[in-house]
Amino acid sequence: MSILDPASWSGKIFVNGWRDGRGGTAASVEPATGGILGTYGVASREDVAEAAASASAAQRDWAAAKPEARAAVLRRAGALWEEHAEEISRWIVRESGGIPPKAGLELHTAANECYEASALPSLPAGDVLTTNEDRWSFARRRPAGVVSVIAPFNFPLILAIRAVAPALALGNAVLLKPDPRTTVCAGVAIVRVFEEAGLPAGVLSLLPGGADVGAAVVEAPEVRVIAFTGSTEAGRRIGETAGRLLKRAHLELGGNSAMIVLPGADVAKAASAAAFGSFMHQGQICMATGRHLVHEDIYDEYVAALAEKAEHLPVGDPASGTVALGPIIDQGQLDKVDGMVRAAVSGGARVAAGGTRGDGLFYAPTVLVDLDDSHAAWSEEIFGPVAPVRKFSTIDEAVDMANDSRYGLSLAILGDVGLAMRIADRVDSGKVHINEQTVSDEPNSPFGGVKDSGNGGRIGGHRANMDAFTEVQWLTVRPEIAPYPF
């Protein structure tokens, strides 16, 4: 059975079933070829209002369902990701431009996000509190209500399901707005999986669209929590709106993550880690290695090794052959990446490898050297396959360089573990990985950044998910009606 048979969803949105969206339709485009993969429905503000009202009504019954019933839906969803991995993987490759191993990682993670979430309904839901009154006193967790999930294009399935699955497991309803460029593999696929898993009608809605739909799923009165992954600029606007409306917003935003390569580090292994951190999925990852800080003793050797890696990584259509890098997601992003590299070179930087466009949306993996703080390619997120490298002389200098960024999402330290542990205590970062590169995520681990990278590790792991998608209610019980002086 095909779980993504277009007969069910082509040209439609999902609100209490598949139906036409008031916003019309849009095409899913393959970035590697420019070909049309399919057509999906586009929602309007009216569709969002209808979905939010439906979600609020459906959520009450879903929250009242037995924990084992909610857990069973999540377990079945996990199994469906595995059963239909080959079919969904093809969509991820073609719609997001990712290579097959990247698609495999997304499917594996999606299944495990659902399996991890299936344990949430049976976790302890509160605390018994001490009290000086003649009563029992409890603090208990209750579902937040309706949650809006807004996901980006780069790892579209992972970055949607990591909020959708725990929110549903904890008794919430979800409004899902995927990026228009990856609506099928990160929107339609999720809805179809949960539809087949037995999720009741109204509990999950699919609302594709642009910025107007994004604003609507934030502003809808029924929505109490927003889980957003995307750019810092968009996240700031969502956070401002959520604050004004007294809603909670969990924001996982941009990054310009540093990798510190310590003196004495194995250069060959470090260059391998660096190449993966900077070039995986064309560098279109929020936690990609965006700044390489290398001790001066091994700097030249490191640059040469990383440049050789870059020069031998094949670039091409991920659906048609074995390549290491696929296309940039669209023309605008390609122009941004190329423009930042060109501006750096004009400002005195040097290209040690790459720096060239291919036909279409392809860009060669690039190593930039001779940079300083004035180069945007060093200080800002590139979101492309570019590895900027600078040297440091002392550990204090490396720490200062790592912290000298408006971002704080992920940081890697390669080399001596004892020294790396001391550095980890001094850096401003939501995640620190010692002897690994910066790109890492697991369903049972909290994920999030500080500074302009977001408002902390709000999603991932049972504690963070409980905090993200439930409210705390104080409940007291007396053996009989209390006496009062009035």
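The table for this structure:
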{"read-out": "Exposure ranking of THR470, THR131 by accessible area [1.4 Å probe, largest first]", "value": "THR131, THR470"}
{"read-out": "HIS108/GLU196 FRET efficiency (R0 22 Å; Cβ-Cβ; nearest 0.05)", "value": "0.70"}
{"read-out": "Reachable aspartates and glutamates from LYS12, criterion Cα separation under 16 angstrom, eight or more residues apart if same chain", "value": "ASP20, GLU46, ASP47, GLU50, ASP179, GLU195"}
{"read-out": "Contact order normalised by residue count of the stretch 103-199, Cα under 8 Å, 6+ apart, percent", "value": "28 percent"}
{"read-out": "Mean-position separation - Cα centroids, the stretch 398-473 and the stretch 177-256, in angstrom", "value": "23 Å"}
{"read-out": "Linear extension gain, TRP136 paired with LEU245, 0.36 nm per residue minus alpha-carbon span", "value": "35.9 nm"}
{"read-out": "Heavy-atom accessible surface of the chain: percent carbon and sulfur, 1.4 Å", "value": "52 percent"}
{"read-out": "Set of lysines near LYS269 by C-alpha distance (under 20 Å), chain-local residues within fewer than 8 positions excluded", "value": "LYS309, LYS391"}
{"read-out": "Accessible surface of SER410 - all protein chains present, 1.4 Å probe, nearest 10 Å²", "value": "10 Å²"}
{"read-out": "Förster radius 25 Å - calculated FRET efficiency between ALA53 and ALA215, Cβ distance, rounded to 0.05", "value": "0.90"}
{"read-out": "Overall form of the chain per C-alpha gyration tensor (a/c, 1.5; a/b vs b/c)", "value": "oblate"}
{"read-out": "Pairwise FRET efficiency - ARG342 versus ASP404, Cβ, R0 = 30 Å, nearest 0.05", "value": "0.80"}
{"read-out": "Extension gain, ARG19 back to ASP428 (0.36 nm per residue minus Cα-Cα distance, nm)", "value": "142.6 nm"}
{"read-out": "Difference of contour (0.36 nm per residue) and Cα-Cα distance, ILE36 to ALA65", "value": "6.3 nm"}
{"read-out": "Inter-probe distance in nm under a simple model that places probes 7 Å from Cα toward Cβ, at ARG237 and ASP266", "value": "4.7 nm"}
{"read-out": "Mean accessible surface per residue for the chain, computed with a 1.4 Å probe while every protein chain stays in place, in Å²", "value": "40 Å²"}
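The values are calculated or read from the model by the stated rules, or taken from the named source; none is laboratory data. All of these numbers come straight from a predicted model, not from anything done at the bench. Quick reminder, even Gly has a Cβ in these numbers, built from the backbone with ideal geometry, and neighbours come from all protein chains shown. With ligands, DNA and RNA removed, areas are computed over all heavy atoms of the protein, side chains included. Shrake-Rupley method; radii C 1.70, N 1.55, O 1.52, S 1.80 Å.
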